[in-house]
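Take a look at the structure set out below.
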Amino acid sequence: MQLLRVAWALTGAAICCFLILLIHSRLLKEGQLAAGTCEIVTLNKDSSQPRRTIARQTARCACKKGQIAGTTRARPACVDAGIVRKRQWCEMVPCLEDEGCDLLVNKSGWTCTQPGGRVKTTTVSSDAQTSSHKNMNSN
């Protein structure tokens, strides 16, 4: 009889642990990003000017220690914090594979130049909560 009570107690404890793990995994999926990943929160485009599109993007990142939100291959990514601190934007490889990267003179951003001559200019502004990138594409 006592063995049956112990078995029921262990079964109850196992079910309780399973439910706690299930609830915990659901909470992680809904609100948190995996370490080292980013997601785009807002993306606004303005094409009101001829031959120019201005896009503003805000990303949310869960970066590992020593990393900060940045851009790699034209997508939000976690990059080495030293790159952002020194404003050496091209070191984070922000442009696509066939594009050339150049720093803006005041180091407020970078340009990505495509082989056909099209230039994408990105300026960076950040606060304690978010990092936003403003792209200005010219043909």
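Here are the numbers for the structure shown:
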quantity: Filtered residues of segment 91-112 (kept if open to solvent by 20 Å² or more (accessible area, probe 1.4 Å) and within 17 Å of the chain's Cα centre (by Cα)); calculated: Glu91, Val93, Leu96
quantity: Neighbours by Cβ (under 7 Å, 6+ apart or cross-chain): first from segment 40-67, more than 14 Å from Thr122 (Cβ to Cβ); second open to solvent by 80 Å² or more (accessible area, probe 1.4 Å) and not hydrophobic (A, V, I, L, M, F, W, C); calculated: Val41/Arg60; Asn44/Arg56; Arg51/Asn139; Ala62/Gln32; Gly66/Asp80; Gln67/Asp80
quantity: Residue, nearest to Glu39 (Cα to Cα), within segment 69-83, restricted to residues that are touching a residue at least 24 places away in the same chain (Cβ under 8 Å) and not in a loop (DSSP other than H, G, I, E, B); calculated: Pro76
quantity: One residue from Leu28, Leu96, Leu103 being of a type in the set (A, V, I, L, M) and modelled with pLDDT under 90; calculated: Leu28
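The values are calculated or read from the model by the stated rules, or taken from the named source; none is laboratory data. Quantities reported herein were computed from a predicted structural model and do not represent experimental measurements. Counting neighbours? That spans all protein chains shown, and the Cβs are built from the backbone with ideal geometry, glycine included. With ligands, DNA and RNA removed, areas are computed over all heavy atoms of the protein, side chains included. Shrake-Rupley method; radii C 1.70, N 1.55, O 1.52, S 1.80 Å.
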